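Here's the structure, in structure tokens; my notes come after.
Rule-based calculations on the coordinates, nothing more; no lab input. The model shown is predicted, which means the values in this text are computed figures rather than measured ones. Reconstructed Cβ throughout: ideal geometry from the backbone, glycine too, with neighbour counts over all protein chains shown.
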Amino acid sequence: MATLTAPTARRPRTAAARPLRPSRERWSRSGTLLLLLCSVTVLLPLYVTVSMAFKTTGQAVDGNAFSLPAPFDVQGFVQAWQLTEFPVGLAVSVLVTAGTVAATILLAAVASFAIMRNWERRLFRWSFFYLLGAMFIPFPVVALPQIQLTGRLGLDNPVGVIVLATMFQLSFSVLLFTAFLRSIPLELEESARIDGATTWQTFWRLIFPLLAPMSATVGIFAFLYAWNDFMMPSLIISDPDLQTLPVRQQLFQTQFSNNYNVSFASYLMAMAPAIVAYLFTQRWVMEGVTQGAVKG
Amino acid sequence: MSLLTTTAVPAPAAARPAPRGTRRTEPIYYLFLLPSLVLFTLAIPVPAIVGIFFSFTNSVGIGDWDFVGLTNYAVAFTDPAILRSYLFTFGFSLVTVVLVNVVAFLLAVGLTSRIRLKVGLRAVFVIPMVVSGIIIAYVFNFLFSNSLPAAGQAVGIPFLETSLLANPDLAWLAIVVVTAWQAVPGTLLIYIAGLLAIPGDVYEAAEIDGATRSQRLARITLPLMAGYVVINVILGFKNFLNAYDIIVGLTNGGPGTATRSIAMTIITGFNGGDYAYQMANATIFFVVTVLIAFLQLSVTRGRNSL
């Protein structure tokens, strides 16, 4: 687990046996070119978002999505900021995301630790499979009763979304944490206990810090889910003033639908944090996907 | 992301021996486990049971209700709106899963071969995974309704001259494209991991025996990657069956109800007074999901080569 190959790791074999074949060099150049060309399909929608956001309203409606902004204009951002009440939306999104990330890491880590250290007890062993069973219950299946129950319990707000989002992340996170805990030698814990540490201390001082790489992976997936999700907040949060950023973008489908510079500025402000976070945490995002599938 | 929440149950590690003889479970372990167990039970299994219960009633979400037995199910199985949403969702999922896997596999082969800018390219291809589905759907919505028709007119391709999204027969294509755009990275990363796990000497031996590049791809890479293909196809298919955000952003189920997914149909029960009826639909959908999950389990257990 700890030695899991990072997807970015080079394949050692490419270095050997190759210099003999100059033809391969040519192929690799065309391969690079081809992949660069393919990457345009990824970058084009993002480029359009950025360039539209900086256009004037006049230029944005002229029909050419691919032109550069001329002149460069930030009015779109100013209006988007006011129309979507961006500061409120941002605060809600940050609250929901931070809450989901913290709750997911915390609950999944302690639960996984309890399960793995008491595997021989039926309650703990069965809890593992019980929690994992939720992987087979997608949100749409339980959405209607959840909307009702959260409404009745006064949880039809961002707090309710934090609770539900955390619970939907739990299966996957417990799966990753338990797999990782298996790789930590028990001797380490026993020596801490001989030194007089309680279970509580052993976990927080020794195990939880060791779990850090897995916590990073679990946290990033909770972050991406909570930050980007539309379906759950749009259905659970009943007060439009408390909506998250992705849900607020609906505004531009009903009203202001021709102020493209405003809507794209708004889209950009809602997307950017996730992209920036990804750029800083690429390694964990990539490893997480692989582990999620391979451990599965 | 939700790609990950659908993986199968792992074979648990061999039970660890209880350290040092028989011991009682320390109370602290219950404190660690119970919050998750209680919250989880309240958040997912309880609503699921409540929903299944109400699927046998005529509840509209509030007020009085009566038991109506299997009426909701009987009606649901012949309801053209529900049947159409299943047909659309399964068709769309099948096409998307094929497209995503073909594209991701080819990209993975490219990204693990001898190319320049490997790290940078890989980083770029993963970006769609971290972008909000609804927002990128809004961006594509603009491109499909404005830029693509403009390009179609300029080049003179008749069927592109009007917006794809306004055409009941073609709108699903736009949904396939955007869903695939977002789903390729997760699939791609799994394929890259698989390709990196194939030992290099296998290829060298084949090369010495005179195998061409395409022979090596067909006779070595593909068979060795079969397990990963199965995983990706099942995970992808299960995800696409839940399609919601991207469709809302592109067509909102339209034109008419041509692109309304199962999830969107279920949600109409929230506002449409069809609460109990759509819960029956959700229960049917749940059974379908479980059947696919069992298929996944049996297939992945069968090949623990992964």
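Per-structure values
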{"read-out": "The stretch A:185-277: chymotrypsin sites (Phe, Trp or Tyr not before Pro) falling in loop per DSSP and having at most 16 other Cβ within 10 Å", "value": "A:Phe256"}
{"read-out": "Ellipsoid semi-axes in whole angstrom, largest first, where each is sqrt(5λ) of the Cα gyration tensor of the stretch A:211-296", "value": "31, 16, 10"}
{"read-out": "10 Å binning of all Cα-Cα separations within the stretch B:33-120, expressed as whole percents from 0 upward", "value": "13, 19, 21, 21, 16, 8, 2"}
{"read-out": "Translational D in µm²/s for chain A (Stokes-Einstein at 4 °C, 1.567 mPa s, Kirkwood Rh from C-alpha pairs)", "value": "57"}
{"read-out": "Hydrodynamic radius of the protein assembly as shown per Kirkwood, over alpha carbon pairs, in Å", "value": "25.8"}
{"read-out": "Taking the stretch A:98-246 and dividing mean pair separation by its residue count, relative contact order in percent (alpha carbons under 8 Å, at least six apart)", "value": "40"}
{"read-out": "Exercise: per-residue mean of other protein chain Cβ atoms within 10 Å, A:147-159", "value": "2"}
{"read-out": "37 °C / 0.692 mPa s Stokes-Einstein diffusion coefficient of chain B, Kirkwood radius on C-alpha pairs, µm²/s", "value": "144"}
{"read-out": "Candidates per trypsin sites (Lys or Arg not before Pro) in the stretch B:220-306, loop by DSSP, up to 15 other Cβ within 10 Å", "value": "B:Arg303"}
{"read-out": "Distant-in-sequence amide H partners of B:Thr57 (H built 1.01 Å from N, under 5 Å)", "value": "B:Val68"}
{"read-out": "Value of relative contact order over chain A, rounded to a whole percent, pairs C-alpha under 8 Å and six or more apart", "value": "32"}
{"read-out": "Highest-first arrangement of A:134-141, A:47-54, B:60-67, where packing means the average Cβ count within 10 Å", "value": "A:134-141, A:47-54, B:60-67"}
{"read-out": "Whole-number D in µm²/s for the stretch B:184-306 (Stokes-Einstein; Kirkwood sum over Cα pairs; 25 °C, 0.890 mPa s)", "value": "138"}
{"read-out": "Charge dipole magnitude, Cβ of K and R +1, D and E -1 - the stretch A:21-129, Cα centre, debye nearest 20", "value": "880"}
{"read-out": "Reciprocal mean inverse distance between Cα atoms of the stretch A:179-243 - Kirkwood radius, Å", "value": "14.8"}
{"read-out": "Shielding by partners - mean other protein chain Cβ count within 10 Å, residues of A:180-188", "value": "1"}
{"read-out": "Relative contact order for the stretch B:80-271, counting Cα pairs under 8 Å that sit 6 or more residues apart, in percent", "value": "37"}
{"read-out": "log10 of Debye I(q)/I(0), alpha-carbon scatterers only, for the stretch A:98-246 at 0.10, 0.17, 0.19, 0.20 Å⁻¹", "value": "-0.41, -0.97, -1.11, -1.19"}
{"read-out": "Cα centroid separation - the stretch A:218-278 against the stretch A:61-116, whole Å", "value": "6"}
{"read-out": "Two-decimal Rg/Rh across the stretch B:252-299, once Rg and the Kirkwood Rh are taken from alpha-carbon atoms", "value": "1.12"}
